[in-house]
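Enquirer: Dropping the structure in here first, questions after.
The values are calculated or read from the model by the stated rules, or taken from the named source; none is laboratory data. Since this is a predicted model, take the numbers as computed values, not measurements. Cβ coordinates were reconstructed from backbone atoms using ideal geometry, including for glycine residues, and neighbour counts include every protein chain displayed.
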Amino acid sequence: MRTANEELKAYAKEREVFLWQIAERLSLQDSNFSKKLRRELPEEERERILAIIDQIAAEREVG
């Protein structure tokens, strides 16, 4: 059974977005972002991260 954060990681990988890129958008160091993912995130924060993943992927497709 996958946790929500594992799904976030898998989605980022599927969209070819690195965790450090997400951390940068959140103004976090990548190590702090990885630590944050050790615990389940609130739904609002998960949605924000999903939106960031989509945004980064879309920017790459355009650029």
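Enquirer: For Ile49, all conditions in the list (1) assigned to a loop (DSSP other than H, G, I, E, B); (2) under 9 Å from the mean Cα position of the chain (by Cα) hold save one; what is the number of the exception?
Expert: So Ile49 meets the others, but not (1).
Enquirer: Look at segment 12-33 and say how many of its residues are under 26 Å from Glu61 (Cβ atoms) and assigned to a helix (DSSP H, G or I).
Expert: Within segment 12-33, residues that are under 26 Å from Glu61 (Cβ atoms) and assigned to a helix (DSSP H, G or I) number 12.
Enquirer: Name every residue in segment 5-34 that is of a type in the set (Phe, Trp, Tyr) and in contact (Cβ under 8 Å) with a residue 24 or more places away in the chain, in order of residue number.
Expert: Within segment 5-34, just Tyr11 meets the criteria.
Enquirer: Given the conditions (1) over 14 Å from Leu8 (Cβ atoms); (2) of a type in the set (A, V, I, L, M); (3) in contact (Cβ under 8 Å) with a residue 24 or more places away in the chain, and given that Ala58 satisfies all but one, which numbered condition is not satisfied?
Expert: (3)
Enquirer: If a residue must be of a type in the set (A, V, I, L, M) and modelled with pLDDT under 95, how many such residues does segment 11-40 contain? Break it down into steps so the answer makes sense when it comes.
Expert: Here is the first cut: in segment 11-40, the ones of a type in the set (A, V, I, L, M) are 12, 17, 19, 22-23, 26, 28, 37.
The next check asks that each one be modelled with pLDDT under 95; those that pass are 37.
Residues meeting the conditions: 1.
Enquirer: Which condition number in (1) part of a loop (DSSP other than H, G, I, E, B); (2) surrounded by 11 or more Cβ atoms within 10 Å (Cβ to Cβ) is the one that Lys9 fails?
Expert: (1)
Enquirer: Inspect segment 35-54 for any residue being in contact with a Ser or Thr (Cβ under 8 Å, 6 or more places away or on another chain) and without any contact (Cβ under 8 Å) to a residue 24 or more places away in the chain and give the result as yes or no.
Expert: no
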